[in-house]
Structures are given as C-alpha cells and as structure tokens.
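Working notes, beginning with the structure itself.
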Amino acid sequence: MLPMLDAVLFDLDNTLIDRERAFRAVVAETFADATTRSDITRVDERGQGDRSALFAYWELHGGGRMDHATLAAKIAERLVPDEQLLAGLRMVSRSKKVGIVTNGGSVGQRLKLRAAGLDQVIPGDHVWISAETGCAKPAPAIFRQACAGLGVAPAAALYVGDHPPHDATGPASAGMRFRIVETSLDAERLARLIREEDSP
Ligand SMILES: [Mg+2]
C-alpha cells in the first residue's frame, strides 16, 4: 500500500501555468511571418530547448534582444490567475503541504508565479527555484531539499510535472512519487489527480 500523501510539489511551467500558450502569444505578437513563428516554437521545445539557440534565432529574425529574464517577463505579462485552480490548490493545502520545484531564474520564475496568483496560495518559502537552490531538476538534491523544507518524507510526497526527463526521473531518484501531466492543470484535473493519488 502507498504511504499517506503528506505533500504535493508541483512543477511551474506547463504544469501550474500555461507557459506554452503565453509563449505562443509572445511569438505571434513579435513575428509576423508564419514560418518564423513555427520555427521558433520548435526551437523552444516547450521551454526545454537550447536557450542560447532560441535567443540567437530570436535576434536573427528581428525579434530584438532576448534573454531569460526578458522572456520570462513577457510570458508573465500574458498570464492571468485561474481562480478555480487557485481554489483547488487552497483545498489541497488544507490537508497537505503544497510547494513548487522549478528550474529557472529567480526573478523570472517569481514574476510568473505572481502573475498567475500562485503566490496567494503557495508561500514563498515553499518555492524551490534552481537558480536559488544551486541544484536543478532532474538532480534529486532539489527534490530532497524541498521535502526537507516541508518536513515530509520523500515517500509521502508527490511531484507533478509535464516533462518526464526532469519531472519523473528526478523525483523517482529522490524517492518520491510522481505524476506526469500532458498540459497545464485546471481545477478539475487537479482534483481528480489528488483523489487518485490519495486513494489507498
Ligand atoms: Mg514544466
């Protein structure tokens, strides 16, 4: 039997926020040419592609100077709080510790968190960002740090993410359970997922 679930940790991009939709909106606004748009979306690989290649392509095609912080800020501008999802997360947090483990820069990730209203539900010290922790997914260290910070055993903690190389391998090697989602969560899918993981 699975141990009781004491904590749920989430990935941020494309798990709690629809980063892909926001990214595509930024691309559509920046580039008029359809081929450029689709090429750049491919190079981006849902945020997992080589960043220097993406930024070089961006500048080469007249999108202007681009870097991690600028892109995160542009994405954050297009995020809006999903009130139902926030209510769902609040519900989960009544019976479990809830946190975020994400790879990326400190300023950019926290900008996105705030834009999506997640800072209203998940306390700042329950957020582990690779640039702040000095370790990044899929290394087990960042997951262990988060579990220790929440005071829970990894075996009683679930990680939810969208990118198997980071979000399955990492938590598994830290001794956590994991679930992979195809697209960013809404309230209904969050509730179902927690129900499934909570049932003995
Ligand atoms: Mg992700």
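Test residue 7 against the stated conditions and say whether it is buried (at least 16 other Cβ atoms within 10 Å of the Cβ), on the phi < 0 side of the Ramachandran plot and not hydroxyl-bearing (Ser, Thr, Tyr). It is true that residue 7 is buried (at least 16 other Cβ atoms within 10 Å of the Cβ), on the phi < 0 side of the Ramachandran plot and not hydroxyl-bearing (Ser, Thr, Tyr). Tell me whether the stretch 45-59 contains one or more residues that are within 15 Å of the ligand (Cβ to nearest atom), buried (at least 21 other Cβ atoms within 10 Å of the Cβ), at positive phi and modelled with pLDDT of 95 or more. Within the stretch 45-59 (the criterion being within 15 Å of the ligand (Cβ to nearest atom), buried (at least 21 other Cβ atoms within 10 Å of the Cβ), at positive phi and modelled with pLDDT of 95 or more), the answer is no, since none of the residues qualifies. Taking (1) over 21 Å from residue 146 (Cα atoms); (2) away from the ligand (no atom under 16 Å from the Cβ); (3) surrounded by fewer than 16 Cβ atoms within 10 Å (Cβ to Cβ) in turn, residue 66 satisfies each apart from (3). Only a single criterion out of (1) of a type outside the set (A, V, I, L, M, F, W, C); (2) away from the ligand (no atom under 16 Å from the Cβ); (3) at pLDDT 95 or above is not satisfied by residue 3, namely (3). Number of residues in the stretch 130-162 that are out of contact with any Ser or Thr (no Cβ under 6 Å at 6 or more places or on another chain) and acidic (Asp, Glu) equals 0. Looking at residue 136, is it within 14 Å of the chain's Cα centre (by Cα), crowded, with 20+ Cβ neighbours inside 10 Å and of a type outside the set (Lys, Arg)? Spelling it out, it is not the case that residue 136 is within 14 Å of the chain's Cα centre (by Cα), crowded, with 20+ Cβ neighbours inside 10 Å and of a type outside the set (Lys, Arg). Of 199, 173, 184, all but one fail to be more than 16 Å from residue 11 (Cβ to Cβ) and of a type in the set (S, T, N, Q); the exception is 199.
Checking each residue in the stretch 6-44 for being under 27 Å from residue 125 (Cα atoms), away from the ligand (no atom under 14 Å from the Cβ) and among the charged types (D, E, K, R) picks out only 6. Among the conditions (1) within 15 Å of the ligand (Cβ to nearest atom); (2) touching a residue at least 40 places away in the same chain (Cβ under 8 Å), the only one that residue 89 does not satisfy is (1). I want to confirm something. Restricting to the stretch 158-195 and keeping residues that are within 16 Å of the ligand (Cβ to nearest atom), in contact (Cβ under 8 Å) with a residue 24 or more places away in the chain and in a helix (DSSP H, G or I), which single residue is surrounded by the fewest Cβ atoms within 10 Å (Cβ to Cβ)? Residue satisfying both the conditions and the ranking: 165. Flag set for residue 155, criterion: assigned to a helix (DSSP H, G or I) and surrounded by fewer than 20 Cβ atoms within 10 Å (Cβ to Cβ). One residue is enough: does the stretch 67-78 have a residue meeting the conditions within 14 Å of the chain's Cα centre (by Cα) and part of a loop (DSSP other than H, G, I, E, B)? Within the stretch 67-78 (the criterion being within 14 Å of the chain's Cα centre (by Cα) and part of a loop (DSSP other than H, G, I, E, B)), the answer is no, since none of the residues qualifies. Scanning the stretch 39-88 for residues that are among the hydrophobic types (A, V, I, L, M, F, W, C) and more than 23 Å from residue 163 (Cα to Cα) yields 56, 58, 60, 66, 87. A residue that is at pLDDT 95 or above and under 15 Å from residue 103 (Cβ atoms) occurs somewhere in the stretch 17-32.
Out of 162, 125, 119, one residue alone is among the charged types (D, E, K, R), at pLDDT 95 or above and within 12 Å of the chain's Cα centre (by Cα). It is 162.
The values are calculated or read from the model by the stated rules, or taken from the named source; none is laboratory data. Fair warning: this is a prediction, and the values are worked out from it, not measured in the lab. For neighbour counting, all protein chains shown are included, and Cβ atoms are generated from backbone atoms with ideal geometry for every residue, glycine included.
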